[in-house]
1. If you take the residues of region A:203-216 that are buried (at least 17 other Cβ atoms within 10 Å of the Cβ) and of a type outside the set (A, V, I, L, M), which of them is farthest from the other protein chains (Cβ to nearest Cβ)?
2. May I ask you to verify whether B:G233 is in a helix (DSSP H, G or I) and away from chain A (no Cβ under 14 Å)?
3. How do the pairs read when you match residues in region B:132-158 that are away from chain A (no Cβ under 14 Å) with residues anywhere that are of a type in the set (D, E, K, R) and surrounded by 24 or more Cβ atoms within 10 Å (Cβ to Cβ), using Cβ under 7 Å and keeping only pairs 6 or more apart or on different chains?
4. For A:D268, which of the numbered conditions (1) of a type in the set (D, E); (2) modelled with pLDDT of 95 or more; (3) outside the structural domain of A:N69 (by TED's automatic domain parsing) fails to hold?
5. So, B:S289, is that one under 27 Å from A:S190 (Cβ atoms) and either at pLDDT 85 or above or not assigned by TED's automatic domain parsing to the domain that holds B:M195 (or both) or not?
6. What is the one condition in (1) modelled with pLDDT under 85; (2) surrounded by 24 or more Cβ atoms within 10 Å (Cβ to Cβ) that B:M312 does not satisfy?
7. Is one or more of the residues making up region A:343-358 hydrophobic (A, V, I, L, M, F, W, C), in contact with a Ser or Thr (Cβ under 9 Å, 6 or more places away or on another chain), assigned by TED's automatic domain parsing to the domain that holds A:V100 and buried (at least 23 other Cβ atoms within 10 Å of the Cβ)?
8. Only one of A:L364, A:L331 is more than 21 Å from A:V262 (Cα to Cα) and either under 21 Å from the mean Cα position of the chain (by Cα) or crowded, with 21+ Cβ neighbours inside 10 Å (or both). Can you tell me which?
Amino acid sequence: MKLKKLWSKILIFSFTMALIMGFSPMAGAAMVKVGALNDVTGATSDVGKDYALGISDAIHYVNDTGGINGKKIKLYQFDYGYRIPEALTKYKLYKRLKCVAVLGWGTGDTEALSPTVTKDKMPYVSASYSAHLTNPAKTPYNLFAAVDYSTNARAAITAWFDKKWPKHPDYGKRKPRFVSSYHFAHPYCSAPIKAIKDQAKLLGFEVGPDQSVTLFAIDTKSQVLAMKDFKPDLVWHGNTTMSVAATVRDAYALGLGADHIVNNWGFDENLPRLAGKAAEGVMGAAVSAFFGNDVPMMDKVKEYAKKYNPGVPLEKRLIRTVQAWANVLALAEAMKRADKAGDLSGESILKNGFETMENFDVGLGVPPLNYTGTDHRISGKVPIYEVKDGKFQVVEVVDLKGRWPDKWAKEWLGW
Amino acid sequence: MSTTWLPCSVYHQNYAQDHGWWQTRFIKGKMIALFIILFFVIPHFADEYWLSVFNQVGYTVLGALGVQLLIGYCGQITLGHAAFIAVGAYTSTLLILEFPWPKFMMDWGLAYPSSIIIAAIVAGIWSVLFGLPSARVKGFYLILTTMAAQFITVDFLITGYVSQIGGRGQAFSLPPGTIRVGPWVIDDDRKVYFMMIILVIICITCLVNLLRSRVGRAWVAIRDNDISAEVMGINIVKYKLFAFFVAGFIGGIAGSFWISNLAAISPEHFPWFWSLWLVGVILIGGVGSIHGTIFGSIFMVVVMEVLQLIVMQFVDTSWGERLFMDFLFLKEAAFGLAICVFMIFEPNGLAYRWWQTKNYFNLWPFSY
């Protein structure tokens, strides 16, 4: 009985303390607070886990190399399980903790929070590379150190059209046929669909009906059979790796006979592992180098992965880690520039930080970063890779900006 | 736990007193204090974060009220309530964005309030459609038919067709200033909070009154034994369907309310897990109790947030950093564990504890 009472008292004390502490915003000296929203348990956790590890590794690296002009970054990293209500509350918590920027995650929550971050002038560096977020006239505080989904999609279909279609026996006899396979309900998956269909029309494709494949799919035979009726030459996969691998495998097993192009979150080191032989020849957009590739800064990525997350072997780490590093390094650079300008507010991080970057190189195989007050697309050149013998090889660097300068400048921004 | 004992020396002398909402001065005082806390203390002292937490509580209460009505009062188990919330949210959004409202409705900020009512009716009717099988099936079979509501409504209709309206793709954007109630633009957490409190109070008041009426008694009779209820002359199909309508109606209000807290809406806001979560809320709070719905919602949202704040104190330690990151994972586990613990040790939920506490003080010092 006494023990029960003691436990009750301890519980009540902890609860009260938490409430008191919870109501009083924390303060810290010479410290820059940054929030991070990650998904390690939700719908996109197959790629989210590695990204979350990458964020924490990269922040350690920034702190170990002098922080933000001497100020250490204090990272508040939360897993929100890809639930939007959860993300909204966590964002408010970051605001309350006086975070100067947030490293966000999915398209759904990033787009849902977009007007709020604009109102709050909070730089929101997301892992959602939706093109909707690249127009500063609408979403000035949404940023990322990667090529956006729509640009990736346009580049991927263009690369296939340039390199693969001319080798097809029906080349010159008919239009190439194209279908999209993605989870209709997810904003990440559906974000570039309008753009890729536009590009397909521009290149002269015949576009077939879309197939809805969930992010959790492990069996996609019915969708593949539905695709088969249309006899596509090319399939766009807009999901994350797990379900893309399932679709590619089923397409191989059922003899679909089409080539595959994949958005960046479905194209990583796990794809050949999961899909095996079926992954051979699959093409996709990668927004940075793959984990372990021989590019500048990769030695640091590997060193910190080993040091801070030794439980995950290096051979299991993915390109997601590298993408996370790119976002953190870009944000750190923007904060350093803002701090040098004497103002580490959100507005200054945007204006004196990001929007002063011109061909800023973070290494890691990421195209040089360019952000202006009118355009937050970092680059018009997109490397498209292909799986060959289980490895990723560059097929073509598609220069969308160079090939369609007018459309790039006037038409394609922001969708 | 149906009887709450009156304090010593308080006696009712007529039916009006017996059915009074606030039967003693103490209760009146308590309710006034609650009113002051809800309308003045919380909005004044709570910051944006806590207001957003309270808004989540309110959304959960509104969502769970319908589930409580169906499961707790009418005995119709549902696992598809998120679909009716989604119908409410999408109807309201479409009405605001697409419907050609007369100019005076827009000018006077009546479009959104009107859309709430229409959305609630549409969600109610939609709920009745999925309640139709309840005329023939019950138990596990009914659970399956209600689950179908989720897959047909959200995964098929909303995702495949409704979301495409206006060529928007999947997410309906709600730019700041879209949601207006009269002259007030609902654009911050405080305003959302006030709207939430008003909606929660209206819904609870109406539902409690309905439960005290002939309809409510019929629902309870059906829950306790549908055959006996039918023998007594209750048209069980009519009352079951009416329960589905009211549950869907409140779900529609929940959905319409939730859009005021968002800048964009997509089908992934209404996953099937949310229906399960709402059932968990009433199990923990107490099945067959409106108090239980509120307690369950507070438990599931506020307690978890407080646990998170405790974890946050240890973020600078090496193990704390990991724990902080994994909090949601622990939260999922805590959700399952809490249901198991409540099922075993407190099957009547938190409402039962509240009832015991009230009776203890009402009868004090002669509580034996």
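The values are calculated or read from the model by the stated rules, or taken from the named source; none is laboratory data. All of these numbers come straight from a predicted model, not from anything done at the bench. All Cβ positions, even for glycine, are placed from backbone atoms using ideal geometry, and neighbour counts span all protein chains on display.
1. A:F205
2. Details: in a helix (DSSP H, G or I): no; away from chain A (no Cβ under 14 Å): yes.
In short, no.
3. Taking only residues 6 or more apart or on different chains, the pairs are B:S134/B:K240; B:A135/B:K240.
4. (2)
5. On the way: under 27 Å from A:S190 (Cβ atoms): no; either at pLDDT 85 or above or not assigned by TED's automatic domain parsing to the domain that holds B:M195 (or both): yes.
Judged against the criteria, B:S289 is not a match.
6. So B:M312 meets the others, but not (2).
7. There is no residue in region A:343-358 that is hydrophobic (A, V, I, L, M, F, W, C), in contact with a Ser or Thr (Cβ under 9 Å, 6 or more places away or on another chain), assigned by TED's automatic domain parsing to the domain that holds A:V100 and buried (at least 23 other Cβ atoms within 10 Å of the Cβ).
8. Values: A:L364 fails: more than 21 Å from A:V262 (Cα to Cα).
Result of the check over A:L364, A:L331: A:L331.
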